[in-house]
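Step one of this worksheet: look at the structure below.
Quick note: the coordinates plus some simple rules give every number you see, no bench work behind them. From a predicted model like this one, the values you see are computed outputs, not experimental measurements. Neighbour counts run over all protein chains shown; Cβ positions are idealised from the backbone, glycine included.
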Amino acid sequence: MVTLTIDGVKVQAEEGSTILEVARFYGFNIPTLCYHEELTPYGACRLCVVEVHDGRRIRLVTSCLYPAKEGIQVKTHSQRVVKGRKLILELLIARCPNSKTLQDLASKMGLEQVRFKMEDKDCILCGLCVRMCTEQMGSGAIDFVGRGQEREVVTPFRVPSEICRNCGACMYICPVVELQCRGVKSPRELCNSCLVITPHCVDKYDQVMCTLDSCGACVQKEEK
Ligand code: FES
């Protein structure tokens with residue numbers, strides 16, 4: 001066991017656990033985007049930054065990757081941390097302004113304006129879909145290619161993958177492409193059971209099935 005301090009509170013943690021795991025266990029709130037407890041941490045979004053003082057220096061680290069160490073002092077909401085998180089969120093929103101997840105985070109974090117040029121991407125490169133496909137679905141049908149501005153998630157050679165089972169788990173976990181079945185009135189619905197409610201998203205995501213609950217309309221139809 002190691003002993004560390006989070007926001008002035010002394011806590012104990014198992015060796016090998018991350019600051020995020022320890023903080024969440026003790027009820028400290030740290031926002032995350034690319035983290036999922038069932039997937040390997042990736043450290044892509046940097047929204048989970050915290051300030052760590054290890055006795056020699058103070059620095060910002062990604063709490064989903066940084067190990068809880070003996071004697072360190074962690075601040076989850078210092079001025080520097082909050083400022084850093086807001087800047088990161090601004091950049092993410094500028095990239096994907098239509099994401100409800102990002103908009104909700106902005107509202108929670110009190111971010112009122114975005115100073116960067118708005119784009120219209122549908123990926124923040126968080127890697128959740130890639131890890132989900134490989135680690136949970138056992139497929140590995142998609143991966144990152146390219147660097148910097150050119151970086152993106154695609155199937156090998158950009159052709160429909162033979163190992164993709166169209167399970168839709170990648171879309172289910174994606175924080176920006178929110179193709180969720182929200183009932184028959186939704187303009188973007190995608191139903192796991194019937195796929196006949198003319199979902200608009202199917203035009204774009206051809207042959208993809210959603211892992212979410214059925215839309216309800218098909219169930220009602222069957223019952224009649
Ligand atoms: S949640 Fe830690 S870097 Fe994204």
Restricting the search to region 1-23, which residues are surrounded by 17 or more Cβ atoms within 10 Å (Cβ to Cβ) and over 19 Å from HIS53 (Cβ atoms)?
-> GLU21
Condition met for GLY43 (more than 16 Å from the ligand (Cβ to nearest atom) and at positive phi) = no
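Can you find a residue that is farther than 20 Å from CYS123 by Cβ, within 15 Å of the ligand (Cβ to nearest atom) and surrounded by fewer than 20 Cβ atoms within 10 Å (Cβ to Cβ) anywhere in region 67-80?
Let us first name the residues in region 67-80 that are farther than 20 Å from CYS123 by Cβ, namely 67-80.
Now restrict to residues that are within 15 Å of the ligand (Cβ to nearest atom): 67-68, 74, 76.
Subsequent filtering for residues that are surrounded by fewer than 20 Cβ atoms within 10 Å (Cβ to Cβ) retains 67.
Within region 67-80, one or more residues are farther than 20 Å from CYS123 by Cβ, within 15 Å of the ligand (Cβ to nearest atom) and surrounded by fewer than 20 Cβ atoms within 10 Å (Cβ to Cβ).
Can you find even one residue in region 58-66 that is part of a loop (DSSP other than H, G, I, E, B), within 11 Å of the ligand (Cβ to nearest atom) and surrounded by fewer than 19 Cβ atoms within 10 Å (Cβ to Cβ)? First the steps, then the outcome.
Filtering region 58-66 down to residues part of a loop (DSSP other than H, G, I, E, B) leaves 63-66.
Applying the additional criterion that residues be within 11 Å of the ligand (Cβ to nearest atom) yields 63-66.
Remaining after also requiring surrounded by fewer than 19 Cβ atoms within 10 Å (Cβ to Cβ): 65.
Looking for residues that are part of a loop (DSSP other than H, G, I, E, B), within 11 Å of the ligand (Cβ to nearest atom) and surrounded by fewer than 19 Cβ atoms within 10 Å (Cβ to Cβ), one finds at least one in region 58-66, hence yes.
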Within region 10-40, the count of residues that are more than 14 Å from the ligand (Cβ to nearest atom), in a helix (DSSP H, G or I) and among the charged types (D, E, K, R) comes to 0
Before we move on, is GLY16 under 30 Å from PHE144 (Cα atoms) and not basic (Lys, Arg)?
-> yes
